[in-house]
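Comments concern the structure below.
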Amino acid sequence: MRRQITGLHASDRCAADQIPDGLFLVRVHRVQFRKYAQKPYYTIALAILEPRQFADHVISSRLYCSPKALWKLSWFLRDFGYDAELLGRDEVDESQLVGLKGVVKISHIALNGTSLLRFEGFAPSSRWEELSPTNLENPQVA
């Protein structure tokens, strides 16, 4: 018996379409707070701006808000240019995050058989030219 299953041939393209590990210039697309037991977190969706071949892709991951993980959330907020006055008052206004730009380093990890994207590090968007993969591959001699 023969069956036609629409989209079957494209199912293995997921690996080819996956965003590789590396550095990306991004803009905050969406932010959602989730309270999950002892580990509250923000789901952060970032729209890729550079490199151009990945432009318009949206990547997302979590930034946890537990006491042990606040350093990473703070790093993200500072480097993406979040309002210093709000940060000084320990306030996060999700509407103020949307549209902020910065550089993110991502990696993929396997956890319980599932591939997850992880935000490894951050930098201000002003450092993109210095950090961009093309400049790292072809350093300019001064």
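Table for the structure above
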| item | result |
| --- | --- |
| Most to least accessible of 116, 63 (protein chains only, probe 1.4 Å) | 116, 63 |
| Inter-site label distance for residue 45 and residue 130 at 7 Å from Cα along Cβ, in nm | 3.2 |
| Spin-label model distance (nm) - residue 105 vs residue 69, 7 Å beyond Cα toward Cβ | 2.0 |
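The values are calculated or read from the model by the stated rules, or taken from the named source; none is laboratory data. All values derive from a computational prediction rather than experimental measurement. When we count neighbours, we look across all protein chains shown, and the Cβ atoms used for this are built from the backbone with ideal geometry, even at glycine. Accessible surface areas use protein heavy atoms only, side chains included; no ligands, DNA or RNA. Shrake-Rupley method; radii C 1.70, N 1.55, O 1.52, S 1.80 Å.
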